[in-house]
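The values are calculated or read from the model by the stated rules, or taken from the named source; none is laboratory data. All values reported here derive from a predicted model rather than from experimental measurement. Methodologically, a virtual Cβ is constructed for each residue, glycine included, from the backbone with ideal geometry; neighbour enumeration extends over all protein chains shown. Areas reflect the complete protein model, heavy atoms only, side chains present, ligands, DNA and RNA absent. Shrake-Rupley method; radii C 1.70, N 1.55, O 1.52, S 1.80 Å.
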Amino acid sequence: MDEIEIPQYFICPISLQIMKDPVTAVTGITYDRESIEQWLKTAKDTICPVTKEVLPSSSCLTPNHTLRRLIQAWSTENASGGIDRVPTPKSPLCKSRLLKLIRELEVPGLYVNALKKLQVLAKDNSKFMEEAGVPKAMVLLLIRCCNQSKTIGVEQALRILYLTWTPSSEIKAAVNENHRIIDCLTWIQGCDIANPVVVKTLAMQVLKRVIEAANTRLLEKLKPEFMEEMLRVLKLKFSQQATKSALQILIQVCLWGRNRSKIVQANAMFELVELELEKPEKNITELIFNLLAHLCSCADGRAEFLSHAGSIAMVAKRILRVSPATDDQAVHILSLISKNAATKEVLSEMLRVGAVTKLCMVIQADCSTYLKQKAREVLRPHSNLWNNSPCIAVYLLTRYQR
C-alpha cells in the first residue's frame with residue numbers, strides 16, 4: 001500500500017501533527033488550538049512561532065472552520081489507509097457566558113439552574129473558570145446561603161469551588177476578604193441538609209483549602225467554637241475523608257496565636273486518644289500523633305493528655321507498629337512528658353505500660369540515628385528509677401548503652 005501523503009497545510013507548525021482544532025492567530029498563521037494555547041502559557045517570549053511577531057498572551061484565536069472541514073473530509077476519505085477521523089471539537093468556553101452565569105447566581109429564580117450549568121462546565125474548564133472569578137462567586141454564594149440559613153444549592157456550590165480551586169493570589173484574597181466563609185463551612189457541619197455525608201465531607205475538604213489560604217491574622221482570630229466543631233467531626237466519624245480533613249485543619253491552625261490552648265480546652269486530648277484507640281488507618285494515626293505532639297508542647301496539653309488513663313499506654317503500643325513518622329512523634333511525646341511532667345506516678349506509669357521497654361527497643365531497632373538518640377535522651381535521666389524494675393526484660397537493659 002502506498003504511503004498516504006498528508007497535505008502540508010493540515011499540519012500544525014508546533015506539534016507537526018494533523019490539526020484537530022485549527023485556529024488562526026492575529027499573525028495569520030493557523031495552529032492546532034491545544035498547541036498554540038500551551039505555547040502562549042509557557043513560552044518565555046510570546047511571539048508567533050512562525051513569523052516571530054509579538055503575539056500577546058491574551059490574543060484572540062479564531063477557529064478556522066473551513067480548514068477543519070477539509071481535514072475532516074480528507075481523514076474520512078483516507079480512513080481505510082489508517083488515518084483517524086478528526087472529530088468536531090467542542091466549542092471553547094466563552095468568558096461572557098461565565099460572567100452571565102455568575103450574574104444569575106444573584107437572582108433567586110435563576111441561581112439553582114446557573115449552579116447546575118457551572119458544575120457541568122467545571123469538570124473540564126476549571127482553570128479558565130478560576131480566572132473568570134467563579135471561585136470567588138461560590139464563596140459569596142455560600143456566605144449568602146449561611147446568612148439566610150438556606151441549604152438549596154450548597155452542594156453544587158461546594159463542588160464547583162472544590163473543582164475550580166487553585167492556590168492563586170486571587171483565591172487567597174477572596175478568602176481573606178470574605179472571612180465569613182470559615183463560619184459558613186463550619187455551619188454546614190451542623191445543618192440538616194440533603195445528602196449529608198457527601199455534603200459535609202465536601203465542606204471539610206473545602207475548609208481545609210480555605211485554612212491553607214487564610215492569612216495569619218485570620219487564623220489567630222478563630223473562635224473556640226471552631227475548634228469544638230472540628231472535634232465534633234472527629235467524634236462523629238461520618239467519613240474517613242472528613243476525619244482526615246479535620247485533623248489536617250487542627251494541625252494547621254494550632255501553630256497560630258492561642259489556638260493550641262483553644263484546641264486543648266475543647267477536650268481534644270480525650271477525643272484524639274479515644275479515636276486512636278479504635279485503631280484507625282495508618283494515615284489517620286500519623287495525623288493524630290502529629291497533632292498530639294503539637295498539643296503536648298504546652299503545659300495544659302500535657303496535663304490533659306495525662307488525665308486520660310490510656311494515653312501513655314496507647315502511645316507506647318503504637319511505637320514500632322505503624323510507621324517511622326508515628327515512631328518519631330510518639331518518642332517526641334514521651335520526651336515532652338518525661339522532661340516536663342516527670343512525677344513519680346507518671347514515670348511509674350511509663351514503666352508499667354511498656355513505654356520504657358519500647359524506648360529500649362527503639363535503640364536496638366533499625367531506626368534513624370536521630371530517633372535512637374531521642375530515645376536515649378528520654379531514658380538517661382530516669383535510668384536509676386527504671387534500671388531495677390522487673391517490668392523491663394533483662395536483655396533490653398544489658399543491651400542499652402547509657
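Test of understanding: what is the full-extension gain from ILE47 to LEU236, defined as 0.36 nm times their sequence separation minus their Cα-Cα distance? All intermediate terms of the calculation are to be shown ahead of the outcome.
Values: separation 189, 0.36 × 189 = 68.04 nm, distance 5.66 nm.
Full-extension gain reported as 62.4 nm.
Please list, or write none, the lysines whose alpha carbon is within less than 20 Å of the alpha carbon of LYS344, excluding same-chain residues fewer than 8 places away.
LYS358
Once the chain is represented by equal point scatterers at the alpha-carbon sites, with solvent omitted, what log10 I(q)/I(0) does the Debye formula produce at q = 0.10, 0.11, 0.15 Å⁻¹?
The calculated log intensity ratios at q = 0.10, 0.11, 0.15 Å⁻¹ are -0.82, -0.89, -1.21.
Picking from ALA309, MET269, PRO87, whose Cα lies most toward the positive end of the charge dipole for the chain (charges on Cβ: Lys, Arg +1; Asp, Glu -1)?
Sorting the options by dipole projection puts first ALA309.
Which of the aspartates and glutamates could be linked to LYS262 by a straight reach, that is with a Cα gap under 20 Å, when you skip same-chain ones fewer than 8 residues away?
Partners found: ASP183, GLU212, GLU220, GLU225, GLU228, GLU229, GLU271, GLU274, ASP300, GLU304.
Calculate the dipole size of the chain relative to its Cα centre from +1 charges on Lys and Arg beta carbons and -1 charges on Asp and Glu beta carbons; express the result in debye to the nearest 20. Don't skip to the end; give the middle numbers.
Details: 52 positive and 40 negative charges, 229 e Å.
Dipole magnitude for the chain comes out near 1100 debye.
So which aspartates and glutamates pass the test for LYS117, namely a Cα distance under 18 Å, with those fewer than 8 places away in the same chain ruled out?
Result set, ordered by chain and number: GLU104, GLU106, GLU130, GLU131, GLU155.
Collect residues whose amide H, placed 1.01 Å from N in the peptide plane, falls under 5 Å from the amide H of ILE47; neighbours closer than 5 in sequence don't count.
For ILE47, whose amide H was placed from the backbone, the distant partners under 5 Å are LEU55.
Too long at a 18 Å Cα-Cα cut-off: which of LYS150/LYS200; LYS237/LYS282; LYS100/LYS150; LYS100/LYS208; LYS123/LYS237; LYS127/LYS172? Mind dumping the intermediate values first?
Details: LYS150/LYS200 15 Å; LYS237/LYS282 16 Å; LYS100/LYS150 23 Å; LYS100/LYS208 30 Å; LYS123/LYS237 29 Å; LYS127/LYS172 15 Å.
Exceeds cut-off: LYS100/LYS150; LYS100/LYS208; LYS123/LYS237.
I need the phi-derived Karplus couplings for region 334-345: 6.51 cos²θ - 1.76 cosθ + 1.60, θ = phi - 60°, integer Hz, Gly and Pro marked x.
Values, residue by residue: 5, 5, 4, 5, 5, 7, 10, 9, 7, 6, 4, 5 Hz.
Leaving out ligands and nucleic acids, and using a 1.4 Å probe, what accessible area per residue does region 267-401 come to in Å²? All intermediate terms of the calculation are to be shown ahead of the outcome.
Details: 6210 Å² over 135 residues.
Normalised by residue count, the accessible surface of region 267-401 is 46 Å².
Rounded, prolate or oblate: which one fits region 1-138, using the alpha carbon gyration tensor with axes a ≥ b ≥ c (rounded when a/c is under 1.5, else prolate when a/b beats b/c, else oblate)? Each step should come with its number before you reach the end.
Working: a/c = 3.14, a/b = 1.68, b/c = 1.86.
The shape class here is oblate.
Just name one of VAL120, CYS145, ILE47: the one whose Cα is farthest towards the positive end of the charge dipole of region 1-149 (beta-carbon charges, Lys/Arg +1, Asp/Glu -1).
The Cα lying farthest towards the positive end belongs to CYS145.
Whole-Hz Karplus ³J(HN,Hα) for region 302-311, in order, using 6.51 cos²θ - 1.76 cosθ + 1.60 and θ = phi - 60°, x for Gly and Pro?
So the Karplus estimates, Gly and Pro as x, are 5, 5, 5, 4, 6, 6, 7, 4, x, 5 Hz.
Hey, got the dipole for region 8-78? About the Cα centre, +1 on K and R Cβ, -1 on D and E Cβ, debye to the nearest 20? Before the final figure, lay out each step's value.
Values: 7 positive and 7 negative charges, 8 e Å.
So the magnitude is around 40 debye.
Which value, in debye to the nearest 20, gives the size of the charge dipole of region 267-401 about its Cα centre, when Lys and Arg are +1 and Asp and Glu are -1 at the Cβ?
Numbers: 15 positive and 14 negative charges, 133 e Å.
Here the size comes out at about 640 debye.
Place +1 on the Cβ of every Lys and Arg and -1 on the Cβ of every Asp and Glu in the chain, take the dipole about the Cα centre, and give the residue among TYR370, LEU351, PRO135 whose Cα lies farthest towards its positive end.
Working it through, the farthest residue towards the positive pole turns out to be LEU351.
At a 1.4 Å probe radius, carbon and sulfur cover how many percent of the accessible area of the chain?
Values: 10580 of 20660 Å².
Carbon and sulfur atoms account for 51 percent of the accessible area of the chain.
Around VAL322, which amide H atoms from residues at least 5 apart in sequence, or from another chain, sit under 5 Å from its own amide H, with H modelled in the peptide plane?
Long-range HN contacts for VAL322: none found.
Non-local amide H neighbours of CYS367 (under 5 Å, H modeled in plane, Pro and chain starts lacking H): which ones?
Placed amide hydrogens put nothing under 5 Å from CYS367.
I need the phi-derived Karplus couplings for region 257-265: 6.51 cos²θ - 1.76 cosθ + 1.60, θ = phi - 60°, integer Hz, Gly and Pro marked x.
Couplings: x, 9, 4, 4, 5, 4, 5, 4, 5 Hz.
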